[in-house]
Amino acid sequence: MLLLLSLAVIVIHALTVNAVPTVKLGKTSVIGQSIPTFRQELFAGIPYAEPPLGNLRLRPPVLKASIKSRTFKATDFGPACLQTVRQSASSVSEDCLTINILRPAGITSYAKLPVVRVYGGAFIEGSSMIFNGSGIVAQSVFRGTPIIYVNFNYRLGPLGFPQGQEAGNRGALNLGIKDQITALQWLQLHIESFGGDKSKVTVFGESAGSIMTSILFLNSPLPKLARAAILESGSQATPSVFTDDRNEEDWRNFVRGVPSCAGIATSGSTFGCLHNATTSELLSGFASSLAETTHEFPFVPVIDGPGGLIPDLPSVLLKRGQFARLPFIAGTNLDEGTLFAPMTINSTQEIHDVITALVSPSVSPTKLERSVQKILQLYPDDPSLGSPFNTGNATFGLSSQFKRTAAIAGDITFQSQRRFWMDTAAHVGVPAFGYLFTQPQPPSFLGVSHGSEILYVYGTPNDTSTSAISISHIMTDYWISFATSLTPNDGKGIVSRPKWTQYTPKHKAVIQLNGTNLTMIPDNFRQEQIAFINSDPVIWRH
């Protein structure tokens with residue numbers, strides 16, 4: 001029955017659309033393309049900022065409020081931003097700051113609800129074209145609450161997240177997040193021309209996209225640009241947050257890899273040369289920096305000081321109450337840490353070194369050592385307690401220390417921060433809804449790993465079982481319901497679903513997203529361990 005319902009969504013909307021969709025942006029006619037199978041219209045590759053080339057390279061984005069030409073063909077996605085992973089040199093470009101809008105066919109300027117997607121990829125890879133939002137839009141129409149789906153590209157790696165003191169001195173930190181803000185500003189100017197409602201923007205992202213969106217809660221114009229957020233597997237300090245000089249060597253490695261600038265890599269004055277380098281040289285430097293780095297995440301958001309997007313450690317700002325009071329959904333997957341734990345790890349000393357490297361330099365070596373020793377005590381070398389969780393003593397051919405490391409990594413970087421964030425927001429009355437995604441995945445040492453929920457949100461689970469199809473439909477309904485009504489509980493949708501209760505100081509509970517056991521559960525798993533991590537978040541650079 002669930003499979004038939006899935007097909008029904010497609011069949012009902014499989015109407016032929018003959019007219020070429022066109023939208024007027026000022027004096028420019030933006031020409032999109034029809035998608036008859038889903039009765040949708042796509043406007044792709046629209047520039048939202050000036051190309052960040054030449055003197056605009058390594059600088060904050062400049063909003064492109066209008067297009068000079070009388071017509072603009074928006075039928076193809078723009079190239080991905082410069083990256084070395086999963087992309088060929090011909091498919092990436094520095095001229096990449098484009099936005100895409102997918103809407104139900106035939107709508108006019110009356111209000112719909114845009115939803116903005118921010119892709120993940122550890123800040124070094126990703127593209128807005130990766131995930132197709134057609135299933136989400138089709139289901140929104142089928143349930144009677146149509147939405148518009150929007151996504152965009154942002155700069156990556158050393159071009160989007162420059163590191164080092166020179167970048168700090170030049171105001172060139174966190175450029176990728178500033179790209180996101182500019183895309184949201186563009187929406188405020190233009191989304192109503194596409195049938196959207198600029199007062200009803202919900203931003204949602206996964207991994208790096210969730211981290212970036214979480215950061216916008218700290219010190220940005222987010223309340224003027226959106227009314228809610230959905231945060232999948234990422235909080236403000238998921239990659240521990242440091243000042244600009246912590247990854248100085250990664251910046252130098254990048255410059256060393258740019259042939260025309262290699263000789264000035266340690267000069268502290270590299271931007272002038274980099275403005276004149278070719279794109280191919282920059283791509284070479286990008287690849288070189290990734291090959292040479294000693295950090296798991298070399299190009300990440302950093303503290304940018306007073307007036308910046310991250311003025312201080314997120315936990316310090318949250319404790320002070322310095323964050324936007326917007327409704328949000330925030331959640332994690334059961335086994336977030338398995339994707340980041342070294343498969344070769346096989347001793348307590350190696351785990352000690354991994355934890356220390358994750359947060360050094362931070363506090364005094366003595367205090368850090370005491371905290372690491374306490375973590376090792378709280379997470380013993382017992383595979384039945386490790387991640388992937390609920391797999392007993394199985395070690396999947398790896399050392400038992402892998403499961404131990406994965407449990408620690410998942411809790412420090414994901415679970416503890418999600419709990420801290422929700423608890424802090426709930427105490428000041430922010431409507432918040434939490435989840436734990438536990439839908440079984442193909443058996444492996446990864447378990448229900450980081451990123452495994454994405455296909456379910458998009459209605460394309462990697463499993464055709466009744467359980468998987470059911471939870472996929474339900475998750476999409478929850479997400480659409482929240483975007484359209486600020487609650488996941490509008491009662492509409494393909495499959496009936498239980499009430500997802502709000503996270504409050506008196507009712508700290510999250511919904512377990514599992515097709516065979518969809519229920520609210522107390523947010524107290526690994527209570528002692530996560531409470532210790534959150535007792536002094538400064539140690540962990542949270």
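May I ask you to verify whether Gly195 is of a type outside the set (Ser, Thr, Tyr), on the phi > 0 side of the Ramachandran plot, in contact (Cβ under 8 Å) with a residue 12 or more places away in the chain and surrounded by fewer than 21 Cβ atoms within 10 Å (Cβ to Cβ)?
So Gly195 does not fit the description; no.
Got at least one residue in segment 135-144 being in contact with a His (Cβ under 9 Å, 6 or more places away or on another chain), of a type in the set (S, T, N, Q) and surrounded by 21 or more Cβ atoms within 10 Å (Cβ to Cβ)?
Looking for residues that are in contact with a His (Cβ under 9 Å, 6 or more places away or on another chain), of a type in the set (S, T, N, Q) and surrounded by 21 or more Cβ atoms within 10 Å (Cβ to Cβ), one finds at least one in segment 135-144, hence yes.
For segment 208-225, how many residues meet the condition of being surrounded by 24 or more Cβ atoms within 10 Å (Cβ to Cβ), polar (S, T, N, Q) and more than 25 Å from Leu42 (Cα to Cα)?
1
Filtering segment 487-503 down to residues that are surrounded by 16 or more Cβ atoms within 10 Å (Cβ to Cβ) and under 25 Å from the mean Cα position of the chain (by Cα), which residue is nearest to Pro365 (Cα to Cα)?
Tyr503
Does Leu326 qualify as being buried (at least 17 other Cβ atoms within 10 Å of the Cβ) and not in a loop (DSSP other than H, G, I, E, B)?
No.
Suppose we filter segment 141-181 for residues that are at pLDDT 95 or above, closer than 27 Å to Ile35 by Cβ and part of a helix (DSSP H, G or I); how many remain?
2
In the list Pro47, Pro79, Pro51, Pro61, which residue meets the criterion of being within 25 Å of the chain's Cα centre (by Cα), crowded, with 19+ Cβ neighbours inside 10 Å, at pLDDT 95 or above and within 30 Å of Trp251 (Cα to Cα)?
On the way: Pro47 fails: crowded, with 19+ Cβ neighbours inside 10 Å; Pro79 fails: at pLDDT 95 or above; Pro51 fails: crowded, with 19+ Cβ neighbours inside 10 Å.
Exactly one of Pro47, Pro79, Pro51, Pro61 is within 25 Å of the chain's Cα centre (by Cα), crowded, with 19+ Cβ neighbours inside 10 Å, at pLDDT 95 or above and within 30 Å of Trp251 (Cα to Cα), namely Pro61.
Within segment 91-113, does at least one residue satisfy the condition of being part of a loop (DSSP other than H, G, I, E, B), aromatic (Phe, Trp, Tyr) and within 30 Å of Phe414 (Cβ to Cβ)?
Checked against the condition, which is being part of a loop (DSSP other than H, G, I, E, B), aromatic (Phe, Trp, Tyr) and within 30 Å of Phe414 (Cβ to Cβ), segment 91-113 yields no hits at all.
Could you check segment 507-542 and list, in sequence order, the residues that are of a type in the set (D, E, K, R), at pLDDT 95 or above and surrounded by fewer than 19 Cβ atoms within 10 Å (Cβ to Cβ)?
Lys508, Glu528
Are any of the residues in segment 172-188 of a type outside the set (S, T, N, Q), touching a strand residue (DSSP E or B) at 6+ places or on another chain (Cβ under 8 Å), crowded, with 24+ Cβ neighbours inside 10 Å and more than 22 Å from Phe131 (Cβ to Cβ)?
No, because not a single residue in segment 172-188 is of a type outside the set (S, T, N, Q), touching a strand residue (DSSP E or B) at 6+ places or on another chain (Cβ under 8 Å), crowded, with 24+ Cβ neighbours inside 10 Å and more than 22 Å from Phe131 (Cβ to Cβ).
If you go through segment 490-504 one residue at a time, how many are assigned to a loop (DSSP other than H, G, I, E, B), in contact with a strand residue (DSSP E or B) (Cβ under 9 Å, 6 or more places away or on another chain) and either farther than 15 Å from Ile521 by Cβ or of a type in the set (Ser, Thr, Tyr) (or both)?
Number of matching residues: 2.
Output the number of residues of segment 351-384 satisfying the condition of being surrounded by 15 or more Cβ atoms within 10 Å (Cβ to Cβ) and either within 26 Å of Ser449 (Cβ to Cβ) or more than 27 Å from the chain's Cα centre (by Cα) (or both).
17
Yes or no, residue by residue, for (1) farther than 20 Å from Glu336 by Cα; (2) of a type in the set (D, E, K, R); (3) in contact with a Gly (Cβ under 9 Å, 6 or more places away or on another chain):
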position: Ser364; (1), (2), (3): yes, no, no
position: Leu368; (1), (2), (3): yes, no, no
position: Trp421; (1), (2), (3): no, no, no
position: Val428; (1), (2), (3): yes, no, yes
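What tally of residues in segment 371-411 results from selecting those that are among the hydroxyl-bearing types (Ser, Thr, Tyr), touching a residue at least 40 places away in the same chain (Cβ under 8 Å) and in a helix (DSSP H, G or I)?
2
Does Ile211 satisfy the criteria of being touching a Gly at 6+ places or on another chain (Cβ under 9 Å) and either of a type in the set (A, V, I, L, M) or at pLDDT 95 or above (or both)?
Yes.
Out of the residues in segment 222-240 that are in contact with a Phe, Trp or Tyr (Cβ under 9 Å, 6 or more places away or on another chain) and small (Gly, Ala, Ser), state the one that is nearest to Ile539 (Cα to Cα).
Ser240
The values are calculated or read from the model by the stated rules, or taken from the named source; none is laboratory data. Note that the structure is predicted; figures quoted are calculated from it, not measured. When we count neighbours, we look across all protein chains shown, and the Cβ atoms used for this are built from the backbone with ideal geometry, even at glycine.
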